[in-house]
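Trainee: This is the structure I have questions about; it appears just below.
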Amino acid sequence: MRRKERPIKKPPIIHPFLLALFPIAFLFAHNIEMIFISEILLPSAVMLGFAALALLLLTPLLGDGGRAGIVVSLFWVLFFSYGHVAHLAEQRLGGDFRHGYLLFAWALLLVGGVCATLRIRDAGRWTLLLNVVALALLVPSLVKVGTYQLEARRIKQTASPPPAEQAGANPGEAGHEDLPDIYYIVPDRYASATTLERHFDFDNSEFLDALADRGFYVADESYANYPKTFLSLASSLNMKHLTSLTDELGREASNQTIVYEMLQDYEVWRFLKARGYTFMHFGTGWEPTRYNRYADKNFVVWPAEFSMMLYQTTMLEPIGVELNILNEREMQRRAIEKKFDTLAQMPEKEGPKFVFAHLLLPHHPYVFDPEGERLPEEEVEGMTEAEKYLSQLAFANQKLSWLIDQILEKSERPPIIILQSDEGPFIPFHLEYGGAGTDWRQLDDEAIRTHMRILNAYHLPGVDADEILYPSITPVNTFRVILDHYFGTDHGLVEDKCYIIEDTLHPYAFIDVTDMVRYE
């Protein structure tokens, strides 16, 4: 009797799902120092869902699940490789590069691949091979992510910031009707008056005088405590210097997410929340301030930074630009306009409010002319860095003046307003500075002074600002002064120190440059 042959077991079709996750895991692994792992969850779910749906629809059309899997994997390869190839072509061809030609070539490759797949008789062997290849591509990124997350968890357990210090304040000292709204407005890379005059040949006295006329104290000798946004805001919002992190993490540590957590759960919001304040958060597309999980209300006007990075590697970007969908420049314009309009409505909300607003102005991308009209990209390309910066600065001055007037006019009780940049710009002839590879130790003194000197202005109702503020006050002391005066705490002042870092790979290797950046 002939022995009955057992049917050959087909390998599972997992490569379309592995290849859907590979670009996400790879991009995250190579930016792991600066991105929360939660950012990859949504794009991962979308890609896996699309892979499952595509397999479900293509299997009956192609007559075999193995062939359907091959087509889906081919699509992922073309879909995610497009942005990298287009970027390389743009570098080589410049203005001669046309997305239409590349998209047409990719369409031909996809059609050719589908036709070749239809000719495959034994899709099982190809499925097995593609499973192995996809797994080999994905595993190194997963290992790197897993190892890093374990180390990050260990570090956080030993270096997590302590709960907010109450500093002897009495929560019941004042009723809600006596508490002023507090607006912490951070225009990113807004330069000091001396920087604008010295390196941009621009007199900003009209705007600064307008602030003074509205009751602001302008600390015209102020400077940032740190050279990067995440360090600067972590210091001001937690009312302390960050030098202890060097002892806890070491000068070689590179994990920025430790500080990102300090931008989520920080002392100022804890203190004010305990006193009945509503926490309103206005972020940017930069993930550490895009969304705050502790805020009572988040005003999110920008997709997650990681999702945008991933989007820019795919063939969706040129299509989106052409259709004006997810066009970064237009998104930036709409986000800023929407943010100002919504901020102007904050005084109408009931109860005391703490409003944190991070504004990507006059920081690039440069999308506004001085009157707030759209600045075409082709026009931007013909402008110098100084011209682009001053154009957006003029718009920022106009909108900030309007916003402050709206807040002052609509508020039932005079509000506290802090208008404080996190860092200054980079002077036009030092544009290479500030990037990921910048060695801050190699910068000359003037480049450091330019970047560290900032706009810092306070509207403090009911007090003589000259008695509690001083021209060289820095952000680390901002809320120490405010909480001490308005809430009876006893934080006191810390020394107004200024630090740079070795580079972004060593964000806790602080170098004291206070004497260098002080005004003569």
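The values are calculated or read from the model by the stated rules, or taken from the named source; none is laboratory data. This one's a predicted model, so the numbers in the text were calculated from it and none came from an experiment. Ideal geometry is used to build each Cβ from the backbone, glycine not excepted, and the neighbour counts take in all protein chains shown. Quick note on the areas: whole protein, heavy atoms, side chains included, nothing else; ligands and nucleic acids left out. Shrake-Rupley method; radii C 1.70, N 1.55, O 1.52, S 1.80 Å.
Trainee: So what does V301 come to for accessible area, using a 1.4 Å probe and Å² rounded to 10?
Mentor: For V301, the solvent-accessible surface is approximately 50 Å².
Trainee: While we're here: Enter the accessible area per residue of the chain (Å², integer; probe 1.4 Å; all protein chains in place).
Mentor: Value returned for the chain: 47 Å² of accessible area per residue.
Trainee: Ignoring ligands, DNA and RNA, what percent of the accessible area of the chain is carbon or sulfur (1.4 Å)?
Mentor: 56
Trainee: Follow-up question, since we're still on this one. So what J values fall out for the range 385-395 if you push phi through Karplus, 6.51 cos²θ - 1.76 cosθ + 1.60 with θ = phi - 60°, rounded to Hz, Gly and Pro as x?
Mentor: Rounded to whole hertz, the list is 4, 5, 5, 5, 5, 5, 4, 6, 5, 4, 5.
Trainee: When only DSSP loop residues count, what trypsin sites (Lys or Arg not before Pro) in the range 177-244 have their Cβ near at most 15 other Cβ atoms within 10 Å?
Mentor: R214
Trainee: Order the following by accessible area, largest value first: E373, E385, E412, E287. Probe radius 1.4 Å; ligands, DNA and RNA are ignored.
Mentor: E412, E373, E385, E287
Trainee: Okay, next question. Whole-Hz ³J(HN,Hα) for each residue in the range 138-149, computed from phi via Karplus 6.51 cos²θ - 1.76 cosθ + 1.60 with θ = phi - 60°, x for glycine and proline: what do you get?
Mentor: Karplus-based 3J(HN,Hα) across the range 138-149 equals 7, 4, x, 5, 5, 5, 4, 5, x, 4, 5, 5 Hz.
Trainee: Of F36, F354, F17, which has the most accessible area with a 1.4 Å probe, and how do the rest follow in descending order?
Mentor: From most exposed to least exposed: F17, F36, F354.
Trainee: Taking only DSSP H segments of four or more residues, each worth -39500 (n - 2.57), what value at 222 nm results for the chain once the sum is divided by all its residues, to the nearest 500 deg cm²/dmol?
Mentor: Value at 222 nm, helices only: -15500 deg cm²/dmol.
Trainee: Under a point-charge model restricted to the Cβ atoms of Lys and Arg (+1) and Asp and Glu (-1), what is the dipole moment magnitude of the chain relative to its Cα centre, in debye to the nearest 20?
Mentor: Computed charge dipole of the chain: roughly 4420 debye.
Trainee: Run through the range 275-344 and list the trypsin sites (Lys or Arg not before Pro) located in a DSSP loop whose Cβ has at most 10 other Cβ atoms within 10 Å.
Mentor: R293
Trainee: Please list, in chain and number order, the residues 5+ apart from Y499 or on another chain whose amide H is under 5 Å from its amide H, with Hs placed from the backbone.
Mentor: Result for Y499 returns Y226, V513.
Trainee: Roughly how much of W126 is accessible, in Å² to the nearest 10, using a 1.4 Å probe?
Mentor: For W126, solvent-accessible area is about 130 Å².
Trainee: Quick one: which of K9/K144; K273/K410; K144/K497; K240/K410; K349/K388 span more than 27 angstrom between C-alpha atoms?
Mentor: Among K9/K144; K273/K410; K144/K497; K240/K410; K349/K388, the Cα-Cα distance tops 27 Å for K9/K144; K144/K497; K240/K410; K349/K388.
Trainee: 5 Å is the cut-off here: which amide hydrogens, built 1.01 Å from N in the peptide plane, fall below it relative to E423, excluding neighbours closer than 5 in sequence?
Mentor: R189, Y190
Trainee: How much accessible surface area, in Å² rounded to 10, belongs to the heavy atoms of L443 with a 1.4 Å probe?
Mentor: 20
Trainee: Right, next: Ignoring ligands, DNA and RNA, how do F279, F426 rank by accessible area with a 1.4 Å probe, largest first?
Mentor: F426, F279
Trainee: Right, next: Starting from the amide H of V367, placed 1.01 Å from N in the peptide plane, find each other amide H under 5 Å away whose residue is 5 or more places distant or on another chain.
Mentor: Hits under the 5 Å cutoff: none.
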